Every structure is written in structure tokens, then in C-alpha cells.
Amino acid sequence: MNSMIIVSAIFLALFAIIFTSYNPQNFFSPVPIPGSKNSLHAAKLLDLTGAVGPESLVFDSNGDGPYTGVADGRILKWEGEERGWTEFAVTSSNRSDCVRPFAPELEHVCGRPLGLKFDKKNGDLYMADAYLGLNVVGPAGGLATQVATEAEGLPFHFTNDLDISEDEDVIYFTDSSSVYQRRQHMLVTLSGDKTGRLMKYDKSSKEVKVLLSGLFFPNGVALSKDGSFLLVAETSISRILRLWLNGPNVGQIDTFAVLPGFPDNIRRNSEGHFWVALHSKKTPFTKWISSNLWARKALLKLRNFKRLQALLATKPHAAAIKLSDEGEIIESLEDREGKTLKFISEVEEKDGKLWMASVLMPYIGVYSL
Ligand SMILES: *[C@@H]1O[C@H](CO)[C@@H](O)[C@H](O)[C@H]1NC(C)=O
């Protein structure tokens with residue numbers, strides 16, 4: 001039978017259910033976060049001038065920057081109002097076709113830098129490139145060197161974020177899926193993929209060790225202030241996992257937090273609290289989809305991404321959650337109507353300001369606390 005007929009029938013049934021049991025508008029509207037402040041629309045925007053999708057951002061040890069990786073594969077550095085953005089580094093040497101700000105079909109050629117972190121010991125910048133693995137570039141920038149592209153014989157498909165332990169001289173990083181690539185991120189969520197992994201790269205032995213496998217869309221990574229545990233965001237199931245690295249629970253994992261949306265990067269502030277950027281909040285529809293395998297499978301049959309995105313889209317908004325070192329939500333800030341900010345992917349706190357990245361938008365948001 002024509003699969004389009006099956007899919008259409010399923011959606012007719014689905015919409016019949018929605019219209020009889022819910023106000024359809026509420027079905028696609030985000031679930032409110034208790035106690036959250038609707039204040040992020042007051043953020044100032046730092047435009048990227050000709051680039052989009054600053055997924056992660058980082059400052060160097062002099063406090064200069066931020067540096068950010070954009071959708072055309074470059075890592076840019078902010079050098080102040082006068083000089084603006086300058087090109088700092090690239091992860092691919094084959095960039096003659098990388099001329100458009102957003103071209104997902106070329107990401108494997110141009111590179112797509114996601115998580116960024118400086119090694120405070122020597123000023124090297126480490127980058128998780130979604131297609132080109134873990135990369136590093138010296139303090140002067142230029143063409144990056146590949147550090148790791150596989151673990152235990154299985155190549156990385158979607159390298160995503162990292163954190164560096166200076167004490168142990170190791171880098172913790174995630175590969176979001178062993179099956180899907182970044183440009184198929186919707187499929188990672190919809191298929192319920194759990195082939196993601198957490199790795200540890202030892203800088204002196206150059207060894208890559210798999211610490212956890214079978215993860216659901218592992219994304220942001222952050223070490224605790226005292227280094228006793230590591231957090232890993234599992235985007236598709238809205239969970240933050242905690243892996244104990246030291247102390248009585250060493251080697252154990254537990255659930256650190258369950259969030260009201262889909263977490264992207266996690267960044268620790270100077271007090272040891274964690275800012276988590278939510279790509280979007282949960283809606284009754286996404287909750288329903290995630291608990292119904294048959295509905296996910298039906299959606300997967302719609303191979304057309306634009307249509308998938310349109311079906312799953314909620315009104316764009318921004319949400320940032322601050323977690324204590326015990327995993328409690330201690331603050332949540334939003335731009336509920338998406339007036340200024342949308343789809344944030346990282347929140348970095350520095351000198352009383354929140355710097356907010358976005359995997360889709362052409363700017364970085366700066367919000368005064
Ligand atoms: C460079 O990229 C192009 C696609 O843009 C590809 O056809 C070509 O094979 C690549 N060259 C090398 C040396 O990887």
C-alpha cells in the first residue's frame with residue numbers, strides 16, 4: 001500500500017484525537033515552567049554579519065572573545081565594535097565551496113563546529129566538530145588538527161560537546177549518535193535513537209575511552225566545580241545524567257535533573273551552578289509523541305524535513321535553566337514569545353552577563369543579570 005495513504009490515515013486519526021480531547025492551540029503550546037521569569041527579551045543582540053548558527057561560545061583566558069563556531073564551518077572571534085568579527089580558525093581545509101552561511105548538505109565538507117572550550121594550561125582551543133570529530137587549534141588559530149574521529153573502532157557520526165579537566169589532563173566529549181548525522185538531528189529524536197556515546201580523551205596517552213554508550217542524543221557536557229562528577233544532557237528525553245568521577249560513588253550514574261524541554265549545552269558558572277539552554281520547551285504534542293512509538297514511526301515516514309519541522313514546530317521561544325550542584329532548578333529565564341531570542345543552544349555566564357548562543361539564529365544574545 002502507498003505509505004503516504006497510511007501516514008495520512010494516521011494523521012487524520014491523530015488530529016481527530018487532538019480536536020476531541022484538547023484545545024488544539026494548547027496541544028502545540030509549550031507547557032509553562034513554574035516560577036520562571038519572562039525577561040530574556042531584554043537581551044541585546046550581537047549580530048554575526050553574514051553568518052548564522054553560533055552553536056557554542058567561549059572566552060579565552062584573557063577574557064577576550066567570545067569565539068563561536070558558525071554554520072559555514074568557521075570559528076569566529078569578536079574583537080570589539082571597531083574590528084567586529086574576525087576569522088579565527090577552520091576545521092576543514094577543503095573550503096572552496098563553503099560560501100553560503102547555511103548549507104547543511106555541505107557540512108561534512110566544510111565542517112560544523114559545535115562545542116568549544118579553551119585548555120587553560122596552554123591556550124589551545126578544543127572543538128567538537130559534528131562531522132570531523134574532536135579537533136584542536138593553537139592560540140593563534142588557523143587550520144585545526146583532528147584529535148579523535150572514532151572510539152573502539154566505531155567512527156563518530158555527530159560529535160557535539162566537550163569539557164576539559166585540567167587536573168586530570170583529559171577531555172570529556174559526546175557523540176550524539178552512531179547512526180545519524182547532525183543534519184538529521186530530528187531523526188535522532190524521533191527514532192528514539194540510543195546509540196550516542198560519552199568519551200574520555202587522554203591528552204598524554206592520546207587514548208580515547210568510551211565511558212558510556214547507549215545514550216539518548218547525548219549533547220552538552222559539564223564537569224562539576226570540584227571535578228567529582230560530570231553532567232551529560234540527553235536531549236531527546238529531556239534528562240541530565242550525572243556520572244560520578246571521584247568519591248564513594250565513582251563510576252555510578254544517576255539522573256541529575258529532568259527538564260521541561262530539550263536541553264542543549266550545559267555551562268558551569270563561577271559558583272558551581274549550571275546553565276542549561278533549552279532548544280525548545282516540551283508541549284503536550286511532543287510529550288505524546290515521545291510516549292507513542294507508532295506515532296514516531298508514522299512521522300518518520302515523512303522523509304521531508306521541512307514538513308517534519310513544520311509539524312513539530314511550536315512558536316519559537318527561548319528558555320534558560322539554572323541548576324544547583326544538586327540538580328534543582330534555581331532560576332529559569334525565558335523569552336516566551338521569542339521577541340528577541342529563539343532556539344538558544346548555550347548560556348555562558350561572565351561578569352554579571354549571560355551570553356547566549358543559538359544553533360539557528362544569526363546573532364548572540366547578551367543579557368544583564
Ligand atoms: C572537496 O570538496 C568537494 C565538495 O565540495 C569534493 O567534491 C572534493 O572531493 C573534496 N576534495 C577533497 C580533497 O577532499
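Could you give me the ³J(HN,Hα) list for the range 221-235, computed from phi with Karplus coefficients 6.51, -1.76, 1.60 and θ = phi - 60°, whole Hz, x at Gly and Pro?
With coefficients 6.51, -1.76 and 1.60, one gets 9, 8, 7, 6, 4, 8, x, 6, 9, 10, 9, 9, 7, 9, 4 Hz.
With every protein chain present, what is the per residue accessible area of the range 2-368 (1.4 Å probe, Å²)?
Value for the range 2-368: 43 Å² per residue.
Taking just the C-alpha trace of the range 174-288, give me its Rg and Dmax in Å.
When restricted to the Cα atoms of the range 174-288, Rg and Dmax are 14.5, 48 Å.
Using the Kyte-Doolittle scale, find the helices of the chain whose mean hydropathy is at least 0.0 and whose Cα atoms extend 20 Å or more along the helix's long axis, counting only whole DSSP H runs.
3-21
Where does the charge balance sit around residue 337 when Lys and Arg score +1, Asp and Glu -1, over other residues with C-beta under 13 Å from its C-beta?
Summing Lys and Arg as +1 and Asp and Glu as -1 gives +3.
Convert each backbone phi in the range 187-203 into a coupling constant with the Karplus relation 6.51 cos²θ - 1.76 cosθ + 1.60 (shift: θ = phi - 60°), then list the ³J(HN,Hα) values in order as whole Hz, x for Gly and Pro.
With coefficients 6.51, -1.76 and 1.60, one gets 5, 4, 6, 5, 7, x, 3, 9, 10, x, 9, 10, 10, 10, 9, 8, 5 Hz.
Please list the non-local residues whose amide H lies under 5 Å from the amide H of residue 177, H modeled 1.01 Å from N, same-chain partners needing a gap of 5 or more.
157, 158, 197
Which cross-chain or sequence-distant (5 or more) residues have an amide H under 5 Å from the amide H of residue 124, H modelled 1.01 Å from N in plane?
Hits under the 5 Å cutoff: 119.
Hey, can you grab everything whose amide H is under 5 Å from the amide H of residue 85? Only 5+ residues off in sequence or another chain; H modelled, so Pro and N-termini drop out.
Under 5 Å from the amide H of residue 85: 79.
Pairs of Cα atoms under 8 Å, at least six residues apart: use those to get the relative contact order of the chain, whole percent.
17
Kindly provide log₁₀ I(q)/I(0) values, in the same order as q = 0.20 Å⁻¹, from the Debye equation applied to equal alpha-carbon scatterers of the range 321-369.
For the range 321-369 at q = 0.20 Å⁻¹, log10 I(q)/I(0) is -0.74.
Please give the net charge around residue 134, taking every other residue with its beta carbon less than 14 angstrom from that of residue 134, where Lys and Arg add +1 and Asp and Glu add -1.
Counting the neighbours of residue 134, the net charge comes to -2.
Does the range 40-85 classify as rounded, prolate or oblate by the C-alpha gyration tensor (a ≥ b ≥ c root eigenvalues; a/c under 1.5 gives rounded; else a/b over b/c gives prolate, otherwise oblate)?
rounded
Tally Lys/Arg at +1 and Asp/Glu at -1 over every other residue whose Cβ is under 15 Å from the Cβ of residue 32; what's the total?
+3
Rank 95, 100 by accessible area, highest first, at a 1.4 Å probe radius?
The ranking, largest first, comes out as 100, 95.
At 1.4 Å probe size, what's the solvent-accessible area of residue 77? Round to the nearest 10 Å².
Here the accessible area works out near 40 Å².
To the nearest 10 square angstrom, how much accessible area does residue 240 have with a 1.4 angstrom probe?
About 0 Å², rounded to the nearest 10.
In whole angstrom, note down how far apart the Cα centers of the range 245-306 and the range 128-188 are.
Cα centroid to Cα centroid, the span is 19 Å.
Along the principal axes of its C-alpha atoms, what lengths does the range 2-368 span, in descending order and rounded to whole Å?
61, 47, 45
Hey, any idea what % of the chain's accessible area is carbon plus sulfur with a 1.4 Å probe?
Of the solvent-accessible surface of the chain, carbon and sulfur hold 52 percent.
Can you tell me how the range 55-149 classifies by the Cα gyration tensor, rounded, prolate or oblate, using a/c under 1.5 as the rounded cut?
Because a/c hits 1.5 or more and a/b fails to exceed b/c, the range 55-149 counts as oblate.
Is it possible to state the helix-based mean residue ellipticity at 222 nm for the chain, with each DSSP H run of 4+ residues giving -39500 (n - 2.57), the sum divided by total residues, to the nearest 500 deg cm²/dmol? What is it?
Counting only the DSSP helices, I get -4500 deg cm²/dmol.
Provide the solvent-accessible area of residue 28, counting protein heavy atoms only and rolling a 1.4 Å probe, rounded to the nearest 10 Å².
Only protein atoms counted, so the area is about 50 Å².
Per residue of the range 118-132, what does 6.51 cos²θ - 1.76 cosθ + 1.60 with θ = phi - 60° give for ³J(HN,Hα)? Whole Hz please, x for Gly and Pro, Karplus curve as stated.
8, 7, 5, 5, 10, x, 5, 9, 9, 9, 8, 8, 3, 10, 10
The values are calculated or read from the model by the stated rules, or taken from the named source; none is laboratory data. Remember, it's a predicted structure, so these values are computed and weren't measured experimentally. Using ideal geometry, Cβ is built from the backbone for each residue, glycine included, and neighbour counts are taken over all protein chains shown. To get the accessible areas, we keep the full protein, side chains included, count just its heavy atoms, and leave off ligands, DNA and RNA. Shrake-Rupley method; radii C 1.70, N 1.55, O 1.52, S 1.80 Å.
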